[in-house]
Amino acid sequence: MGTLRLTGWAAAQRGFPAATAAAAAPEWGARRSRRRWCHGAPLARPRCAPSPASAVASSPAPGAAGQLRAGAEREWLWDCRGGGARDYAREMEVAVRVVQMACTLCQRVQDSLLRPGAGTGDRVHSKLDSSPVTVADWGVQAIVSWLLSNSFPDENISIVAEEDDETLSSSDGAALLESVVEAVNGCLVEAPKYGLRSPEKELRAHDVIQAIRKCSSTGGPKGRFWVLDPVDGTLGFVRGDQYAIALALIEDGEVILGVLGCPNYPMKKEWLNYHQKYYRLMSKVAPPPLGSWHKGCVMYAQKGCGQAWMQPLVHDFGKLDWRHPREIQVSSISDPISATFCEPVEKANSSHSFTAGLAHSVGLRNQPLRVYSMVKYAAIARGDAEIFMKFARAGYKEKIWDHAAGVVIIQEAGGVVTDAGGRQLDFSRGVYLEGLDRGIIACSGALLHQRILDAVDASWNSSTL
């Protein structure tokens, strides 16, 4: 079972007992018949229990951020080798912690935007395509860049990310840059709470610009690089609704691991149908039980493990909780009459009318779930919806940061993601999903997926996309 096991240093710092771990590698999409493994042996029980010998004997001082010194005892780590492939324990542990920190920064910025009477002039900017970009977008990109570079000091970290520093570096960007620097330093100072290391002194404006500028990789078919969407669904973020932070690791064109931070994701699926402002209002009228996990999560998965997980936000619970991650699984619904499909809120880059026609032709009767960002991928991975369809309008090209993390999480949770021709998405051709056949289809199971593919083929020639 692919779950996180802490290093001796991180466990001792946070005071957590060892988490449990097992690994599985089922066929793609064959989810529920998996065998569970621990230390190389199949298990009947669902989780591995830590042995007494694994207890932390001491609390060695860390070397680089989040690392143990050479020879120091290691405790529980992420235990999934992807069917005997390379161990990505270190990468997964760092990635989850980094996204947790990014969620905290975003929640603070969103709360400040939603305060009565709060202006947005020094925190929100419009790009050339009129889409918004905020302090949170640049702030997250800066802290992810800085933390990854300092967590892997022996590597030349390569990052493909959405934002650039042009606006912040301009003469008109001084106020925005000041707000970004403040948000970044306010978050990084709390890094030890996440098991990461803070900078020795506050970052200056130049340091923040350099961190953002480092995220300029163009990807490609060879080598290793991270893919980041600092705030996926910025329009939803500005409006106080759903958004996501998406981080993935790609090696030689294949997505190895993905982490999705969904700070506003409600644990009760019914609330996904409502704007987040109504959830906030109802939470004030009828507050959830103290200490309950009622919204917000970080989801994560590694290719080949056959499982996906989610944990609550540090921002809401005050600590990392590796002990009680929840396994997430796609829905078992295969009858279109009972299925729910997701689609983007905005019509600018997708066709609601075409997806509505497809939904009708395959027998879908439920109202579509329209949510911002990669939260749509999260909804399918968690079993809250069964289908996500996106068919871009002519001239629009899908970017890899909008899909990489979500794809691997759905696949490891038991679902299927392909283009409309049934081919797996190609992340090896730069920043765009080149060669995409018409659109993207993600489903909870193979039967629904095939019905959607057939419906696309039957109706495509009559579409006006």
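The values are calculated or read from the model by the stated rules, or taken from the named source; none is laboratory data. All figures in this text were calculated on a predicted structure; none of them were measured in a lab. Methodologically, a virtual Cβ is constructed for each residue, glycine included, from the backbone with ideal geometry; neighbour enumeration extends over all protein chains shown. Surface accessibility is based on the protein's heavy atoms, side chains included, excluding ligands, DNA and RNA. Shrake-Rupley method; radii C 1.70, N 1.55, O 1.52, S 1.80 Å.
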Cα gyration tensor shape of region 343-465, rounded if a/c is under 1.5, else prolate or oblate by comparing a/b with b/c:
rounded
Using a/c under 1.5 as the rounded threshold, could you call region 395-454 rounded, prolate or oblate? The axes a ≥ b ≥ c are square roots of the C-alpha gyration tensor eigenvalues, and prolate needs a/b larger than b/c, oblate otherwise.
oblate
Taking only protein heavy atoms and a 1.4 Å probe, the highest-to-lowest accessible-area order of ASP241, ASP437 is ASP437, ASP241
Longer than 18 Å from Cα to Cα, which of LYS193/LYS214; LYS376/LYS399; LYS193/LYS376; LYS193/LYS319 are they? Say none if no pair is.
LYS193/LYS214; LYS193/LYS376
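Could you tell me which trypsin sites (Lys or Arg not before Pro) in region 398-465 are loop residues by DSSP with no more than 11 other beta carbons within 10 angstrom of their beta carbon?
Hits after loop and neighbour filter: ARG423.
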Dipole of region 134-188 (Lys/Arg Cβ +1, Asp/Glu Cβ -1, origin at the Cα centre): which of PHE152, SER179, THR134 lies farthest to the positive side?
PHE152
Any idea what the dipole of region 313-443 comes to, in debye rounded to 20, about its Cα centre with Lys/Arg Cβ at +1 and Asp/Glu Cβ at -1?
220
Leaving ligands and nucleic acids out of the surface, order TYR194, TYR372 by accessible area at 1.4 Å, largest first.
TYR372, TYR194
Restrict the search to region 376-448; then list the chymotrypsin sites (Phe, Trp or Tyr not before Pro) that DSSP places in a loop and that have at most 13 other Cβ atoms within 10 Å of their Cβ.
TYR396
